[in-house]
Structures are given as structure tokens and as C-alpha cells.
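All remarks here apply to the structure that follows.
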Amino acid sequence: MKSILKTCATVLAVILTLFAIQQYIGYLVDKKVHEENFIDNIASRVRPFVIFDQNGSILAEKGARKFIDKIEVERNKKDGVPISVKVAFTKAFGVVPVLECLDDIFVITYRRGTMYEIIYGLGRVNFLTFHGATISNWRFRLEIVR
């Protein structure tokens, strides 16, 4: 009888220990997954992107900068609206990186330039106003598609 109780106690102790280890590992994973640095690291590897303005200044970088040598934005001399974006990449991509404007509506086309350059043509679709205000600053998001 004592050996049965001892065996049952040992089995119960092993089960409780395994359950405690599982709970602790779950806690550590949950804690790590919710850390901002961890999320940024994963996002920069899965969907790297960069946000820049009409001057080519980088405003936010989430992993795409390592693929970009230079960004040049050409603007219409009359009204300052961006008409093209030339991006010199560090390597060729099978799928052209996606460019989108965050502040206005453009039809965006692309063509390949020299070496690893891609030249995006911008055709403004709509002149947006809000209570008489006009857009004078444009932000663009460039995402590397893997």
C-alpha cells in the first residue's frame, strides 16, 4: 500500500512539475511577444518598410533602410507636387517594392532604371482640400515585398 501511495505521489509530483514548467514557459513567451523591441524586430524581417517625405528625408524606418542606397523625389516646379520618386536599391528584387502615398491620392507606376534603381511615376488623382487647407507635405511608404 505504501509503495502504491509513493508511486502515486511521485506521478502527481511529476505531472504538477510539468504543468508548472509549461505555465512558466507560456508566461515567458507571452512576455517576450508583447515587448516592443521583439515586435519591431519581427515586423522588420517580415514586412520591412520605410516612410519618407517629399524631400526624401526618412521619417520612420522598420527594416527597409538596409536595402536602400538613395531616395530622390522630383517635384513639379510650378506647384511643388511630387511627380516621381527614384529609389536606388542595394540589390535587385523579384517583386517591385510597393510605394504608396499616405497623404494624397496618386496613380503610381514604375519602371526600372540603371543598376538597381526603380523610378516610380506619380500621377495625382485628386486635389484634396479640408476647410480651405491644401496639402503641401507628402509622406510616402515604401515596403519591400519578399
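What follows draws every value from the coordinates through simple rules; no lab data is involved. Everything numeric in this text was worked out from a predicted model, so none of it was measured. Heads up, the Cβs are rebuilt from the backbone with ideal geometry, glycines too, and the neighbour counts pull from every protein chain shown.
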Relative contact order of the chain, defined on C-alpha pairs under 8 angstrom at six or more residues apart (%): 22 percent
Could you line up Ser44, Ser3, Ser57 from fewest to most neighbouring Cβ atoms inside 10 Å? Ser3, Ser57, Ser44
List every residue whose amide H lies under 5 Å from the amide H of Asp69, counting only residues 5 or more places away in sequence or on a different chain, with H placed 1.01 Å from N in the peptide plane. Ala88, Phe89, Thr90
Any residue on another chain or 5+ positions along whose placed amide H is under 5 Å from the amide H of Tyr110 is listed here as Gly121
Neighbouring Cβ atoms within 10 Å as the yardstick, rank Met1, Met115 fewest first. Met1, Met115
Given [x] 1.02; [y] 1.10; [z] 1.38 as possible values of Rg/Rh (Cα atoms, Kirkwood Rh), the one from the coordinates is [z]
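Taking the Cα centre as origin and putting +1 on Lys and Arg beta-carbons and -1 on Asp and Glu beta-carbons, what dipole magnitude results for the chain, to the nearest 20 debye?
Its charge dipole is roughly 500 debye.
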Can you spot the aspartates and glutamates whose alpha carbon is less than 19 Å from Lys32's alpha carbon? Ignore those fewer than 8 places along the same chain. Asp40
Under Karplus coefficients 6.51, -1.76 and 1.60, residue-wise ³J(HN,Hα) of segment 23-35 in Hz, glycine/proline x: 5, 5, 4, x, 4, 5, 5, 4, 5, 5, 4, 8, 6
Roughly speaking, what is the stretch gain from His34 to Leu16, that is 0.36 nm per residue apart minus the C-alpha to C-alpha distance, in nm to one decimal? 3.8 nm
Fewest Cβ neighbours within 10 Å first, please rank Lys70, Lys86 accordingly. Lys70, Lys86
Suppose a student asked you for the relative contact order of segment 40-111, using Cα pairs under 8 Å spaced at least 6 residues apart; what percent would you report? 20 percent
